[in-house]
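Remarks on the structure that follows.
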Amino acid sequence: MSLQFLNWEIDGVTVLTAIGRLTLGRATTEFRAAIEELIAAGKPNILLNLREVTYLDSSGIGELVAAHTACRNHGGTLKLIHLGKRTESLLQMLSLYALCEVVSSEEEGIRSFSPPVVSADAPIPQQAA
């Protein structure tokens, strides 16, 4: 079975859900193409939902790193949600947990892409003379 995708956009962030196995071969090629397609469409802010990924091998991990780099190189960010226990363990073991930000929910992930709102009443910082 090939890797399948569902995606939708909320507040300028694409939520991409991968379904299936992210392993060497057709699946990693399809994953890379999905990321490249979003970036080419001007959508480099991606919240990747891994809940439905049933297996991830080292090639899949490599594709996550490549996707992170591609998003970053185009002014965006790749963030992850709903890691399985094995995926989370792999990311921690390979010291990649800090590379891709992991958020606990879709709502938190969407909010984390938004720039902080500055109140019109907020004092303007003064520079030292």
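The values are calculated or read from the model by the stated rules, or taken from the named source; none is laboratory data. Please read all numbers here as calculations on a predicted model, not as lab measurements. Note that we place each Cβ from the backbone using ideal geometry, even for glycine, and neighbour counts take in every protein chain shown.
Assorted remarks:
- Some residue of the range 77-85 being part of a loop (DSSP other than H, G, I, E, B) and not small (G, A, S): yes
- Test: residue in the range 60-76 that is more than 15 Å from the chain's Cα centre (by Cα) and either touching a residue at least 12 places away in the same chain (Cβ under 8 Å) or at positive phi (or both): no
- Residues in the range 66-94 that are at pLDDT below 90 and among the basic types (K, R): K85, R86.
- Residue check: A66 meets all listed conditions (1) surrounded by fewer than 15 Cβ atoms within 10 Å (Cβ to Cβ); (2) part of a helix (DSSP H, G or I) but one, namely (1).
- Against the list (1) modelled with pLDDT of 85 or more; (2) surrounded by 10 or more Cβ atoms within 10 Å (Cβ to Cβ), the condition Y97 fails is (1).
- Within the range 35-59, no residue satisfies the criterion of being crowded, with 21+ Cβ neighbours inside 10 Å, at pLDDT 95 or above and farther than 16 Å from K79 by Cβ.
- Test: residue in the range 9-19 that is of a type in the set (S, T, N, Q), modelled with pLDDT under 95 and part of a strand (DSSP E or B): no
- Those residues of the range 26-74 which are over 26 Å from E108 (Cβ atoms) and among the charged types (D, E, K, R), in sequence order: R26, E30, R32, E36, D57
- Flag if T17 is surrounded by 13 or more Cβ atoms within 10 Å (Cβ to Cβ), within 15 Å of the chain's Cα centre (by Cα), more than 19 Å from G75 (Cβ to Cβ) and of a type in the set (V, I, T): yes
- Inter-residue pairs, beta-carbon under 9 Å, first more than 17 Å from L80 (Cβ to Cβ) and in the range 17-38, second in a loop (DSSP other than H, G, I, E, B) and at pLDDT 95 or above, 6+ apart: E37/K43
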